[in-house]
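Novice: I am attaching a structure below and will ask some questions about it afterwards.
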Amino acid sequence: RQLVEDLKTAIYDSQLTLHYQPILKANEPLITKAEALLRWQHPDKGLLGPSEFIPLAEEYGLIKEIGQWVVNQVINDALELQQINTDIQISLNTSPLEIDERGKWARNWLQTLANNPIKPGSILIEVTENTLMTPGTSIQQQMQLLSQQGIKFAIDDFGVGYSSLSYLQQLEIDIIKIDHSFVANLETTPSSHALIRAIVTMAHNIGLKVVAEGIENQAQYQTLKDLECDFFQGFLFYRPLSKQEFISHCLRKT
Ligand code: G
Ligand code: G
Ligand code: MN
Ligand code: NA
């Protein structure tokens, strides 16, 4: 496939870029969280989203290189953003296939952190339930090592994967990100309301915070505030922005 060849070039040719989608706290004007989302500025096809090339990268063995690129870029960007707002926390996504070698994923992270003075708590890694359940990755020990260095963890797309609730206790998880689909179904499926309420109650009872994602209208936002979600993300507030846009429109000086 031509696109696979193009992707190999892209990694070395600065065609990959991270966009940032702000995450808000209710009644709090200062934005201190954002999710880094990978984009590929393809020379002919324009700006491609991860769903158009991450599956290819996974299939053709490029995902680890891309993952390492994302880690380095997030750290660089976080260092820059910290200069403007010291409380900034950047989250990033991780593919399960980045974590299949014993300890290597965490070791790479630790090395990158050792070389870059990132404030503890300023990086949040999003893992899916399926990532947590991938056998043979020693994910639990790897997360522990990173957690000791101040890295935070979120479970992404919570509620739609295959995982065991006991993971919430055993692993160093700080945040649950409720899957988009529950939010999208709020108006049409009454049980979504009950499910979100149950997730928030459980999360708060064990000391976790909840991010509601995929918020597209005011009604959803109001409902999610009433359900006591802690943080809010979605097109209603901001689409993913270039780093420059994020800095100039969202990031206030501290
Ligand atoms: O931005 P978009 O809606 O196209 O993202 C689609 C999916 O791609 C999301 O599930 C998101 O978690 C994933 N994704 C975004 N950025 C990255 C990244 O840097 N690495 C990996 N592995 N997945 C990403
Ligand atoms: O799987 P993950 O939660 O990482 O997916 C994040 C993706 O969701 C990003 O690619 C982002 O573009 C997308 N996204 C963010 N906000 C919204 C929204 O309000 N509606 C929809 N449909 N997608 C969103
Ligand atoms: Mn995510
Ligand atoms: Na999600």
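The values are calculated or read from the model by the stated rules, or taken from the named source; none is laboratory data. Quick caveat: nothing in here was measured; it's all calculated off a predicted structure. With ideal geometry, Cβ positions are generated from the backbone for all residues, glycine too; neighbour counts draw on all protein chains shown.
Novice: Could you go through the stretch 183-198 and let me know if any residue there is modelled with pLDDT of 95 or more and closer than 30 Å to residue 86 by Cβ.
Specialist: No - not one qualifying residue is present in the stretch 183-198.
Novice: Which condition number does residue 154 fail, the rest of (1) touching a Leu at 6+ places or on another chain (Cβ under 8 Å); (2) surrounded by fewer than 19 Cβ atoms within 10 Å (Cβ to Cβ) being met?
Specialist: Answer for residue 154: the failing condition is (2).
Novice: Then there's this: In the stretch 1-68, which strands (runs of 3 or more DSSP E) lie fully inside it and hold 1 or more residues that are within 16 Å of ligand 4 (Cβ to nearest atom) and under 22 Å from residue 237 (Cα atoms)?
Specialist: The strands (runs of 3 or more DSSP E) meeting that bar are 16-25, 28-42.
Novice: Right, another one. What residue, among those in the stretch 94-123 that are crowded, with 18+ Cβ neighbours inside 10 Å and of a type in the set (S, T, N, Q), is farthest from residue 75 (Cα to Cα)?
Specialist: 95
Novice: Still on this model: I'm told residue 128 meets every condition in (1) more than 24 Å from residue 233 (Cβ to Cβ); (2) surrounded by 21 or more Cβ atoms within 10 Å (Cβ to Cβ) except one. Can you identify the failing condition by its number?
Specialist: In the conditions (1) more than 24 Å from residue 233 (Cβ to Cβ); (2) surrounded by 21 or more Cβ atoms within 10 Å (Cβ to Cβ), residue 128 misses (1) alone.
Here's the yes/no breakdown for (1) touching a helix residue (DSSP H, G or I) at 6+ places or on another chain (Cβ under 7 Å); (2) modelled with pLDDT of 95 or more; (3) away from ligand 3 (no atom under 16 Å from the Cβ):
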| position | (1), (2), (3) |
| --- | --- |
| 68 | yes, yes, yes |
| 71 | yes, yes, no |
| 102 | no, no, yes |
| 118 | yes, no, yes |
| 127 | no, yes, no |
| 130 | yes, no, no |
| 139 | yes, no, yes |
| 148 | no, yes, yes |
